[in-house]
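Here's the structure we're looking at; comments come further down.
The values are calculated or read from the model by the stated rules, or taken from the named source; none is laboratory data. Everything numeric in this text was worked out from a predicted model, so none of it was measured. A quick note on method: Cβ atoms are made from the backbone with ideal geometry, for glycine too, and the neighbour counts reach across all protein chains shown. We work out accessible area using only protein heavy atoms, side chains counted, and drop any ligands, DNA or RNA first. Shrake-Rupley method; radii C 1.70, N 1.55, O 1.52, S 1.80 Å.
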Amino acid sequence: MEFEPPLVGCVISDRNYSFEILKATGECVLNIPTVKLAEKVVGCGNISGQSVDKFKTFGLTPVPAAVVKARSLPSVYANLECKVVDRTLVDKYNFFVLEVVKAWIDPRQKHPQTMHHQGEGVFMVAGKNDQVAFPKTSFLTE
């Protein structure tokens, strides 16, 4: 949403346990997984953390985050530690505005194929490493 400060918009259903936690604590870690974790990601998305320890169930090892109290996952490509900075659209749209207070990537993953949920069980995979050269242009001002 913005570069300085780095802002991210996040919609979470008010029927999800994550919604309750984010609303109560005002902070979270957004994990950006690769397709290598697809089975675990889908499994985590299909059960509630209110009744199941997802880390234990899916063999994920969380570590303390650097800035926020939520835990992060070193097995994903990236972690974005966030704090809620605007709640004005939460009641109407379940929309949180988050400021990224710390970001981390796994430098060992050179061309990660990250996965992004698009809704209704459909995921988009990013990270195809095609290089495209654009022609150089010069703009003259008079």
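The figures follow:
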quantity	calculated
When residues of the stretch 107-124 are limited to those that are modelled with pLDDT of 90 or more and within 15 Å of the chain's Cα centre (by Cα), the one surrounded by the fewest Cβ atoms within 10 Å (Cβ to Cβ)	113
Failed condition for residue 26, given (1) on the phi < 0 side of the Ramachandran plot; (2) surrounded by 14 or more Cβ atoms within 10 Å (Cβ to Cβ)	(1)
Unique residue being surrounded by fewer than 15 Cβ atoms within 10 Å (Cβ to Cβ), free of Cβ contacts under 8 Å to residues at least 12 places away in the same chain and more than 22 Å from residue 121 (Cα to Cα) when the list is 5, 64	64
Lone unmet requirement of (1) within 13 Å of the chain's Cα centre (by Cα); (2) over 20 Å from residue 106 (Cα atoms) for residue 76	(2)
Selection from the stretch 19-51 of residues that are among the small types (Gly, Ala, Ser), part of a helix (DSSP H, G or I) and modelled with pLDDT of 95 or more	24
Which listed residue is open to solvent by less than 60 Å² (accessible area, probe 1.4 Å) and among the basic types (Lys, Arg), from 83, 54, 69	54
Condition met for residue 48 (in contact with a helix residue (DSSP H, G or I) (Cβ under 6 Å, 6 or more places away or on another chain) and among the hydroxyl-bearing types (Ser, Thr, Tyr))	yes
Members of the stretch 9-23 that are under 14 Å from the mean Cα position of the chain (by Cα) and open to solvent by 40 Å² or more (accessible area, probe 1.4 Å)	11, 18
Where residue 48 falls short, out of the listed (1) farther than 25 Å from residue 6 by Cβ; (2) without any contact (Cβ under 8 Å) to a residue 24 or more places away in the chain	(2)
